[in-house]
Number of protein chains: 4
Amino acid sequence: MKDDVCISRTNRQGSYQKDKKKILDGLRRIDGQVRGIERMVEEERYCVDVLDQISAVRMALARLALIVLEDHTRGCVTRAVRENGDGEETIRELVEVFRKLVR
Amino acid sequence: MKDDVCISRTNRQGSYQKDKKKILDGLRRIDGQVRGIERMVEEERYCVDVLDQISAVRMALARLALIVLEDHTRGCVTRAVRENGDGEETIRELVEVFRKLVR
Amino acid sequence: MKDDVCISRTNRQGSYQKDKKKILDGLRRIDGQVRGIERMVEEERYCVDVLDQISAVRMALARLALIVLEDHTRGCVTRAVRENGDGEETIRELVEVFRKLVR
Amino acid sequence: MKDDVCISRTNRQGSYQKDKKKILDGLRRIDGQVRGIERMVEEERYCVDVLDQISAVRMALARLALIVLEDHTRGCVTRAVRENGDGEETIRELVEVFRKLVR
């Protein structure tokens, strides 16, 4: 299970190892998009084109968040529930994550 | 009105000149945040910390979008309405921008 | 233009007359959906089914908002710009509406 | 654990019993707000006031969704993980719920 480890108070590690490459590729693409928007703004490109790009980046980030969230639930949350009986703290944390993403 | 020019079918320019520096600073900060998330993922940092950062970037992008949107409405939309009588195409475009941001 | 009147400081009226029936039908459908969710909760139906219904209502409300927003921009905003030269107050109001819907 | 039961393929029940009253009260308030918006539209009230009310209802629904989501995670998801070892199906379902709420 070493490839799917995760949370403990002292050693909180990500559960997204198997998707790490996909997430990093996604982040690099987003990074490129953000720098593309910077160039557009420098060149004073049309507002609507800038806004469309901002929306596209927001969507791409939401998609990445869903991957991390799925891995987290499958890894960290599942592990916390199995090990602690209920994983109360992990669940509260998860709901807080939801709140930030939904708002 | 040269500093607040904008849309025409042939020459569609941004209406955000006065906020250009603020928008570029915001985009650079977002760029830095995205690269920060890349490093977190490379180090396999805890999922929740990654998700919190993703939410923060999404919020920052929404705030930038609102600045561009405000400048666009005040500049391009106002101009289109004044010049064309109704600015129908610009309005349809604005609603489309909005649809993408809300979803 | 009587059917498309709207804003004035003393007499602020909606610009959505032509879509009034469509908006009211949408609201009644949403009203029915909300009462459907109440029944689901009373019967302690499965959380995921309740959540799916809540998402559906949120989507339906966003769609209605876009109709009202489009009519508002085409009616009130256009009129304010034409009559006041810039319609500054109306634009500020519109941006505030955006902010509330995007968040 | 009778008051916190939930999912099984044959008998999928909600995990929100302890918040049932709060959720129902919230839904009734939302129901009242939706009917309030219907009256506003019938009276052709100002677009911005209608849009503000729609935003308020969307926010109220998001808050209710977070309550149900928290109870679901604490109840159904926890139970599925404990009983099935991983609760794979429940986790996939949760991510799907989430996708619908974020979009």
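Taken over region A:14-46, the residue count meeting the criterion of being within 30 Å of A:ALA80 (Cα to Cα) and either within 9 Å of chain B (Cβ to nearest Cβ) or not in a helix (DSSP H, G or I) (or both) is 8. With the structure loaded, tell me whether A:GLU88 is over 16 Å from B:TYR46 (Cα atoms) and out of contact with any helix residue (DSSP H, G or I) (no Cβ under 9 Å at 6 or more places or on another chain) or whether it fails that test. So A:GLU88 does not fit the description; no. Do we have C:ALA60 as under 17 Å from the mean Cα position of the chain (by Cα) and part of a helix (DSSP H, G or I) here? So C:ALA60 passes the test. Checking A:ARG82 against (1) closer than 13 Å to D:VAL77 by Cβ; (2) crowded, with 20+ Cβ neighbours inside 10 Å, which single condition isn't satisfied? Unmet for A:ARG82, out of (1) closer than 13 Å to D:VAL77 by Cβ; (2) crowded, with 20+ Cβ neighbours inside 10 Å: (2). Checking A:ASP49, A:ASP71 one by one, the residue that is in contact with an Asp or Glu (Cβ under 8 Å, 6 or more places away or on another chain) and assigned to a helix (DSSP H, G or I) is A:ASP71 and no other. Within region D:64-78, identify whether any single residue is under 16 Å from C:ARG29 (Cβ atoms), at pLDDT 95 or above and not β-branched (Val, Ile, Thr), and answer yes or no. No. Quick one: in region D:78-103, which of the residues that are facing chain C (nearest Cβ under 9 Å) and of a type in the set (Val, Ile, Thr) is nearest to C:ARG103 (Cα to Cα)? By that ranking, first place goes to D:VAL97.
The values are calculated or read from the model by the stated rules, or taken from the named source; none is laboratory data. Being a predicted model, the structure only gives us computed values, none of them experimental. Don't worry about glycine lacking a Cβ; one is built from the backbone with ideal geometry, like all the others, and counts go over all protein chains shown.
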